[in-house]
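One structure below.
The values are calculated or read from the model by the stated rules, or taken from the named source; none is laboratory data. In this text, all values refer to a predicted model and were calculated from it rather than measured experimentally. Note that we place each Cβ from the backbone using ideal geometry, even for glycine, and neighbour counts take in every protein chain shown.
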């Protein structure tokens, strides 16, 4: 056991942190603890104002952290409330160690911007700004007479990885997915990059469709995948083709 910590940015740091907090787990029909590497999210479904379980889970996690010598930085914690009721009152913030957790309208989780309206406009704005800065470097490379093959490689590794990050999630989550105006902004950006590279580049719809098909095939061919049974139930009893799932925001 090391008491000096591990260098930031190494693989060992999140692994040790994940192992250290592995014994604290919680899952029920209305609340659960979502953990990935060194990120922890408490998710709760509050109905009829009954939020005791949600707040008790937060308090249990704070108490466990204190007992295991983990110091929580309340200033970096955020709370996002998704509420589509017409008549609603401002929620009371969660209090940790005498400090209120800030309630925000959008939150960045695992590189994806989520908002309390369950829309993708905030994430699209962030992706667009980041991709525009990459487009500048792509144009600079062309000014140095870099060959088209290298320009295409730079686009795929630096620019496309930004534009299409979590693209499948955006297409599937929350029913409608990304709005048409947001998709058009990204497609125009891809078209500009294609004029710089000197060839046609796949647009957002084409990339999302190919990745969705690949992901579905991976799930269907792997019986041990957690979603295998769920996807398999979508097969038509007549043609064995997959039926399109329907999603709802539960408004």
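A few notes on this one:
- Contact annotation: residue pairs with Cβ atoms under 9 Å, 6 or more positions apart or on different chains, pairing a residue in region 60-74 that is without any contact (Cβ under 8 Å) to a residue 40 or more places away in the chain with a partner that is surrounded by 15 or more Cβ atoms within 10 Å (Cβ to Cβ) and assigned to a helix (DSSP H, G or I), are 71/65; 72/61; 72/62; 72/65.
- Checking each residue in region 95-106 for being closer than 30 Å to residue 165 by Cβ and part of a loop (DSSP other than H, G, I, E, B) picks out 101, 104, 105.
- Here residue 92 meets the list (1) free of Cβ contacts under 8 Å to residues at least 12 places away in the same chain; (2) outside any loop (DSSP other than H, G, I, E, B) almost entirely, failing just condition (2).
Residue by residue, here is whether (1) in a helix (DSSP H, G or I); (2) outside the structural domain of residue 151 (by TED's automatic domain parsing) holds:
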| residue | (1), (2) |
| --- | --- |
| 183 | yes, no |
| 186 | yes, no |
| 189 | yes, no |
| 196 | yes, no |
| 201 | no, no |
| 207 | yes, no |
| 211 | yes, no |
| 229 | yes, yes |
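- Selection status of residue 161, over 15 Å from residue 199 (Cβ atoms) and not in a helix (DSSP H, G or I): no
- Selection from region 107-125 of residues that are outside any loop (DSSP other than H, G, I, E, B), within 12 Å of the chain's Cα centre (by Cα) and surrounded by 15 or more Cβ atoms within 10 Å (Cβ to Cβ): 107, 112, 113, 114, 115, 123
- Whichever residue in region 27-46 is over 21 Å from the mean Cα position of the chain (by Cα) and either farther than 20 Å from residue 91 by Cβ or at pLDDT below 85 (or both) and, among such residues, is surrounded by the most Cβ atoms within 10 Å (Cβ to Cβ): 28
- Residues located in region 69-89, provided they are assigned to a helix (DSSP H, G or I) and out of contact with any strand residue (DSSP E or B) (no Cβ under 7 Å at 6 or more places or on another chain): 75, 76
- Of the criteria (1) over 25 Å from residue 117 (Cβ atoms); (2) modelled with pLDDT of 90 or more; (3) under 23 Å from the mean Cα position of the chain (by Cα), which one residue 78 fails: (1)
- Residue within region 48-62 that is under 24 Å from residue 119 (Cβ atoms), in contact with a strand residue (DSSP E or B) (Cβ under 6 Å, 6 or more places away or on another chain) and surrounded by 11 or more Cβ atoms within 10 Å (Cβ to Cβ) present: yes
Results for (1) modelled with pLDDT under 90; (2) touching a helix residue (DSSP H, G or I) at 6+ places or on another chain (Cβ under 7 Å); (3) surrounded by fewer than 15 Cβ atoms within 10 Å (Cβ to Cβ), shown as yes or no for each residue.
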site: 189; (1), (2), (3): no, yes, no
site: 195; (1), (2), (3): no, no, yes
site: 200; (1), (2), (3): no, yes, yes
site: 217; (1), (2), (3): yes, no, yes
site: 233; (1), (2), (3): yes, no, yes
